[in-house]
Every structure is written in C-alpha cells, then in structure tokens.
Amino acid sequence: MTKTPSVPRPAQGGSAGPALHRQVVQRLGERIVSGGYPSGSTLPSEEVLGQELGVSRTALREAVKVLAAKGLLKARPRIGTRVQPVSAWNMLDPEVLAWRCAADPAGDMLRQLGEIREIIEPNACMLAARNRNPEDVRAVERACDAMSDSQTIEQWVDADLQFHVAVLEATHNELLIPLSSVIGSALGMLLGVSARRADTFKQALDDHVRIFQAIREQDQRSAFMRMRRLLADTRRRLE
C-alpha cells in the first residue's frame with residue numbers, strides 16, 4: 001500500500017485540533033471504503049498507523065471513535081480495531097455516502113443514488129408546489145438564474161445542487177429537508193457526472209426552469225411530471 005504523505009504531528013498524547021482530527025477521519029474513511037482495509041481485516045496497531053499517518057495516538061483514537069459511530073469500525077479489547085462488513089455501514093451518513101461514490105464514481109452507488117432520487121424528488125417537487133411560500137419561490141428562481149449564468153461545470157453543479165436543495169426546503173416537511181445535507185456531497189458528484197455526459201452542461205436548464213414555473217404556479221401535477229422526466233434523462237446519461 002502506498003504510504004500516505006504525513007501531516008504535522010501534535011504532541012504525543014495531546015488533544016488533536018479539529019482540522020487534524022477531520023483529516024484523520026477522512027483519510028482512514030477513504031481507505032476503508034475504497035478497500036484499502038477490507039471488511040473483516042484488523043487495522044494496524046496504533047503505533048504503526050500513527051507513524052504512517054503522522055499523527056498522535058490521541059488523534060487516531062478520536063478518528064476511530066468517529067468511524068465506529070458511522071459503522072465502519074469496531075474496536076475490541078485485546079483483539080484490535082476491525083473493519084465492519086459493508087452491511088453495517090451507515091450509508092445515509094453524508095461522509096460515508098460521499099466516500100462510496102468517490103471510490104467508484106461510475107458504479108452501483110451512483111446508480112442507487114439516482115434510484116433514490118427518482119423515488120423521492122418527484123413527490124417532493126409536487127409537495128413543494130403545494131406548500132411553497134414567496135421566499136421559497138425566490139430561492140428556486142435564484143438557483144435557476146445561477147445555473148443560467150454559470151460559465152463552468154463546477155459553477156453549474158453548485159447551482160444545480162442549490163436548486164434541488166431549494167426544492168426540498170420548499171416542501172416544509174421536516175423529514176424531507178434533512179435529505180439535502182445527507183446526500184449533498186454525493187449528489188454534487190452525480191450532477192457533475194451527468195453534466196459531463198450531456199452534449200452541453202447546460203442541456204437541462206430548460207427542464208429546471210419548467211420545474212421552477214410549475215412550483216411558482218403551484219401546479220402540482222406538472223411539478224411532479226417535470227421532475228420525473230428530468231431525473232429519467234439524468235439516468236439515461238449515466239447509463
């Protein structure tokens with residue numbers, strides 16, 4: 001396994017700063033999800049892993065606790081820290097989902113994410129058309145304007161994500177709104193793949209504008225159908 005470049009090490013046994021702590025979580029999480037540490041395997045000892053990553057045991061232990069809470073690891077006395085099977089991972093955790101998509105950007109996880117979107121977003125769009133208020137309409141419109149003004153794929157993806165978050169927020173459903181943060185980073189990757197496979201990355205602009213118009217006019221059926229068609233087109237590009 002290629003040795004990861006080290007980062008500055010805090011004093012041994014001291015508390016790790018937030019930035020360093022997040023770095024360790026990120027690097028270990030990516031390794032586990034990408035298969036660097038296969039399911040069922042035991043992580044190297046704290047001493048070995050700490051030297052490899054260039055961090056203290058304190059930082060390492062804090063990162064292991066975070067990854068254990070996400071279902072990726074399980075620490076056992078006298079046995080060590082073992083990688084959990086994929087079935088135990090919390091796939092709705094934003095970081096775990098993003099790591100999975102990054103590890104296989106053209107694989108099953110993006111397809112499954114697209115399937116979840118086709119189940120949820122057309123109905124959410126219909127609910128947004130019913131429940132939206134004037135500020136919601138302005139938020140969706142601002143996202144459409146940002147998509148229209150975008151000059152790069154990165155700008156387009158940011159605006160596209162802003163659009164879908166605004167639609168979820170317009171539902172005013174407290175169980176739907178958190179989905180925007182759950183799938184946000186992975187959805188950004190999916191939107192980027194879709195945009196790169198279109199003839200032009202603004203190909204779907206008119207569809208987004210029509211969805212905005214349906215929400216503004218509180219046309220629930222049109223909002224549902226137009227979102228469903230947009231997601232079907234996205235799926236075809238991914239295929």
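Each reported figure results from applying straightforward, stated rules to the coordinates on display, with no laboratory input. Remember, it's a predicted structure, so these values are computed and weren't measured experimentally. So basically every Cβ, Gly included, is an ideal-geometry build from the backbone, and we count neighbours across all protein chains shown.
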Could you work out how far the C-alpha centroid of segment 224-239 sits from that of segment 38-112, in angstrom? 33 Å
Cα-based count: Lys pairs in the chain below 26 Å, eight or more positions apart or different chains? 4
Roughly how tilted is helix 205-216, in degrees to the nearest 10 and between 0 and 90, from the longest Cα axis of the chain? 70 degrees
Taking the convex hull of the alpha carbon atoms in the chain, what volume per residue do you get, in Å³? 144 Å³
Degrees between helix 108-131 axis and first principal axis of the chain (Cα, 0 to 90, nearest 10): 40 degrees
Indicate the gyration tensor shape class of segment 27-97 (rounded, prolate or oblate), computed on the Cα atoms with a ≥ b ≥ c the square roots of the eigenvalues: a/c under 1.5 is rounded; otherwise a/b larger than b/c is prolate and the rest oblate. prolate
What is the angle, in °, between the Cα long axis of helix 94-103 and the longest principal axis of the Cα atoms in the chain? Nearest 10 is fine, range 0 to 90. 90 degrees
Final fewest-first order of C144, C101, C125 on the 10 Å Cβ neighbour count is C144, C101, C125
